Each structure stands twice: as structure tokens, then as C-alpha cells.
Amino acid sequence: MGLQDIAAAVGTPCYVYDADLIRGAYATLDEAFEGYPHAIHYALKANSALAVVRLLHALGAHADANSLGEVDVATRCGFRPDQIIFTGVGKSAAEIDRAVSLGLLAINVESPGELDRIDQRAVAQGTVARVALRVNPDIDARSHPHISTGLKSNKFGVPIDEAPALFREMARRKGLRPVGAHVHIGSQITTLDPLTRAAEAVVALAHALRAEGIALQHLDMGGGLGISYDGGPVVNPADYVRALVTATRASGLQIAIEPGRVLVGPAGVLLTTVVDVKQFPGAKRFVVVDAGMTELMRPALYNAFHRIEPVVPRAGEPGPVDVVGPICESTDAYARDRLLAPVEVGDLLAVRDVGAYGAGMAHTYLRRPLSPEVMVERGEWRVIRRRQTLDELLSLEE
Ligand code: LLP
């Protein structure tokens with residue numbers, strides 16, 4: 001069984017995930033807590049393929065959902081409502097209603113207005129909603145600006161100075177029970193310091209609240225741990241967990257984390273076929289592949305780097321090329337001036353580390369149906385989502 005066989009069977013583009021890498025990544029995080037009370041809420045947004053979510057559930061993960069769709073995917077994949085945290089910067093009335101009626105572990109509150117709306121819906125339903133407050137600690141995650149969330153200038157959460165007053169307000173409300181504090185300062189964070197400082201900030205907040213008689217149950221430290229797309233240094237996941245435990249231990253509070261990328265990112269490759277190679281005198285050499293920003297948005301959105309390798313290398317010296325997709329947008333390029341071994345039309349390329357924010361962010365621009373996803377497990381592979389057909393894509397329309 002090889003990537004070539006999979007591509008031959010299901011066609012390209014296609015995503016291939018390695019279940020054992022996901023298992024290993026989960027175990028590394030889980031074991032690093034060394035028995036300290038914790039829950040690993042898998043951030044479904046990274047990859048919510050049902051088979052991936054079920055795998056994380058089977059491993060003992062809990063869930064972090066960012067929309068009603070993700071809440072429902074989590075429950076369909078076996079998560080109990082009290083294992084699900086619901087975050088989201090703009091929850092609709094329908095989302096609040098359903099989250100309240102399910103009785104989730106925590107709804108992360110993003111604003112005073114939302115606090116009010118959740119309270120009203122809970123009172124109307126004759127229930128009490130467990131809530132956590134998402135605080136914005138004004139800490140620079142030092143990641144790409146498009147995926148940083150912890151600065152005052154970002155739309156997320158409430159300024160941490162306002163948190164004590166809002167916790168008092170939550171404690172007063174009939175429909176709310178404050179159970180936690182939440183912080184998430186960004187994604188693809190590659191240094192430990194901002195993550196540690198954010199953890200220390202919510203621990204200090206919890207201490208202050210306890211002194212006022214508001215006792216929390218958990219501190220939700222968010223997700224954000226980065227992976228090495230290019231071989232450069234990143235934070236060791238076990239060091240990250242140990243730093244969180246060190247910051248939290250004296251409080252005795254349970255730690256929740258919401259990792260996405262670090263669990264599934266390195267487990268995925270995108271297989272794509274070279275459909276054209278062109279070069280004119282004095283100009284770049286373009287390798288055109290059959291996958292593009294429709295299958296992997298990250299290069300176009302964040303200028304993100306993904307390793308690209310021929311599945312069966314040919315002899316010859318690597319040379320600089322632009323690896324570009326077939327979409328009619330100049331940002332539709334996976335790599336620019338990248339050294340790539342010689343390739344010819346028909347060759348299969350693997351784009352690495354697409355397990356997170358690959359298929360999940362795919363779209364159907366140019367009427368390109370969604371590509372299939374394959375899971376490799378113990379030497380066997382199976383299609384976990386088949387290729388969408390054009391008829392299916394058009395089936396919603398008159
Ligand atoms: N928790 C919250 C509240 C989040 O907003 C996110 C990610 C996570 C957890 C999971 O973060 P992770 O551990 O995966 O870094 N599309 C971008 C990433 C956007 C992340 C959004 N929020 C990318 O492709 O890099």
C-alpha cells in the first residue's frame with residue numbers, strides 16, 4: 001500500500017490521513033499532564049471529517065466546537081454534551097438556543113451582550129447554562145496576524161480587566177453558572193512564552209475570583225500550539241503541557257486545552273497530479289497541479305509554507321519552480337521559487353502537513369467538487385469521504 005496506489009484508486013486531488021500519527025500526537029499531549037486533572041478538547045475546526053472526529057473520541061478526547069454544525073458533528077460522533085465546549089465570536093440566536101438546550105460543558109461567552117442573550121434563553125428554557133468567559137489578555141502570540149486573536153485590536157473575547165465585573169454579573173444571573181475562564185491567543189504559535197503568559201493571566205484571574213467567592217472549575221487555555229511546516233524550531237508539545245500545569249497547579253483547577261493543528265496537521269498529505277509544466281526564456285518555471293486554493297487555502301490566505309515532494313522522485317538536480325494550482329487567481333500558488341526535483345506531467349506530488357485546515361477549509365469555487373479523504377490505519381486504507389459529484393454540488397439549486 002502506497003500513496004501511488006491510493007491516488008490510482010480514488011484519483012487526485014485527495015487527502016490522506018495517517019491514524020497512527022493522530023494517535024501518537026494525542027498520547028504525547030495526554031501523557032505530558034502526568035495525571036494532573038485535564039481534558040483535551042479537540043478543536044473540530046481543524047478537521048471535522050467524521051472518521052477523524054470519531055478517532056479522537058475513541059482516544060478519549062473531548063470536543064471544542066465553533067458552530068452549531070460542529071456541535072452536532074461532535075454529538076453524532078459520540079461526544080456527550082458535557083464533553084463539548086462551544087466557542088464562537090458571533091453566536092446566532094439559534095446556536096445559543098440549541099447550545100443551552102443541550103447542556104454543554106461550557107458555552108464560552110464573548111461579550112456582555114452575549115452574556116445577556118444566553119441568560120435570557122436559559123431562563124426561557126427553565127434551565128441554567130454553564131458558561132465560561134473568554135478573556136482577551138492583550139498578549140502577542142507572535143504568529144501570522146491573520147491567525148492571532150489575543151490582542152486588544154482583535155475581535156475576540158473581553159479585555160481581561162473587565163473580566164471580574166462580568167464574572168460577578170454571570171454569578172448574579174438566574175440562567176448562568178460561571179464554571180470557567182477561557183483564553184485563546186492565536187494559532188500556529190511557535191514560542192512558549194506567549195502561551196505561558198496567557199495561562200498565568202487566567203490563573204491570576206481565577207485566584208482573584210475565588211477571593212470574591214466565585215469558584216471556577218476549569219481553566220480553558222485554548223489551542224494554538226504550532227507545528228513545524230518547514231523543519232524550523234517549534235515548541236515541544238510536552239514542554240507546553242508542563243508549562244500549563246506549572247502555571248495552574250497551585251490553583252488546583254482542571255485544565256482544558258483546545259488543540260487542533262498539533263493533533264491532526266502532520267497526519268495529512270494532499271496528493272495532486274502535475275497537469276502542466278511551462279517555462280519561457282528568461283521566465284519562471286511553473287509546475288501546474290490539479291489541486292489549488294480550493295483544496296488548500298493556507299498558502300493563498302496566509303502565505304503559508306507546505307513542503308511539496310514528488311511521491312516517486314526522478315533522477316536529476318532540483319531546480320527553482322512555482323508550484324501553482326489551476327484556479328484563475330494569482331494567489332493560487334502553493335509555492336514560489338521552491339527547489340523541486342524534476343517533474344513531468346502525470347507525476348504525483350505530496351503536499352505535506354495538510355491534516356489541519358486543509359479539507360475543512362476547502363470550497364467549490366469554479367464548480368470544483370470536494371475531493372475525497374482517505375484514512376490509513378494499520379497498513380490498510382479506506383475512503384472516509386468519497387469525491388463529491390457535480391450532480392451533488394448542483395443538487396441544491398433550482
Ligand atoms: N480554540 C479556539 C477558540 C480557536 O479559535 C482555535 C483556532 C483553536 C482552539 C484551535 O487552534 P489550533 O490548535 O488548531 O491552532 N485556518 C488557520 C487557523 C485558524 C485557527 C482558528 N482558531 C490556518 O490554517 O492556519
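The values are calculated or read from the model by the stated rules, or taken from the named source; none is laboratory data. All figures in this text were calculated on a predicted structure; none of them were measured in a lab. Cβ coordinates were reconstructed from backbone atoms using ideal geometry, including for glycine residues, and neighbour counts include every protein chain displayed.
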Restricted to the range 41-62 and to residues being touching a helix residue (DSSP H, G or I) at 6+ places or on another chain (Cβ under 6 Å) and farther than 15 Å from Ala356 by Cβ, the residue farthest from the ligand (Cβ to nearest atom) is Leu59
Taking the range 160-195 and keeping residues within 16 Å of the ligand (Cβ to nearest atom) and not hydrophobic (A, V, I, L, M, F, W, C) leaves Gly180, His182, His184, Gly186, Ser187, Gln188, Thr190, Thr191, Pro194
How many residues of the range 333-363 are within 16 Å of the ligand (Cβ to nearest atom), surrounded by fewer than 19 Cβ atoms within 10 Å (Cβ to Cβ) and part of a loop (DSSP other than H, G, I, E, B)? The answer is 2
Scanning the range 5-40 residue by residue, those within 16 Å of the ligand (Cβ to nearest atom), of a type outside the set (Phe, Trp, Tyr) and farther than 27 Å from His363 by Cα turn out to be Ala25, Thr28, Leu29, Asp30, Ala32, His38, Ala39, Ile40
From the option list Ala315, Ala300, Ala256, single residue qualifying as over 17 Å from the mean Cα position of the chain (by Cα) and within 12 Å of the ligand (Cβ to nearest atom) is Ala300
Pairs returned, first residue in the range 72-84 that is free of Cβ contacts under 8 Å to residues at least 12 places away in the same chain, second residue that is hydrophobic (A, V, I, L, M, F, W, C), beta-carbon separation under 9 angstrom, 6 or more apart or interchain, are Asp72/Ala65; Arg80/Leu105
Scanning the range 9-20 for residues that are outside any strand (DSSP E or B) and either at pLDDT below 95 or within 19 Å of Ile308 (Cα to Cα) (or both) gives Gly11, Thr12, Pro13
Scanning the range 36-54 residue by residue, those surrounded by fewer than 21 Cβ atoms within 10 Å (Cβ to Cβ) and part of a loop (DSSP other than H, G, I, E, B) turn out to be Tyr36, Pro37
Per the list (1) within 13 Å of the ligand (Cβ to nearest atom); (2) aliphatic (A, V, I, L, M); (3) at pLDDT 95 or above; (4) in contact with a Lys or Arg (Cβ under 8 Å, 6 or more places away or on another chain), residue check on Val89 breaks on (3)
Restricted to the range 262-293 and to residues being under 21 Å from Ala8 (Cβ atoms) and charged (D, E, K, R), the residue nearest to the chain's Cα centre (by Cα) is Asp290
Of Gly292, Gly265, the only residue that is under 28 Å from Tyr17 (Cα atoms) and within 13 Å of the ligand (Cβ to nearest atom) is Gly265
Report whether or not Asp138 is charged (D, E, K, R), away from the ligand (no atom under 13 Å from the Cβ), without any contact (Cβ under 8 Å) to a residue 40 or more places away in the chain and touching a Leu at 6+ places or on another chain (Cβ under 8 Å).
yes
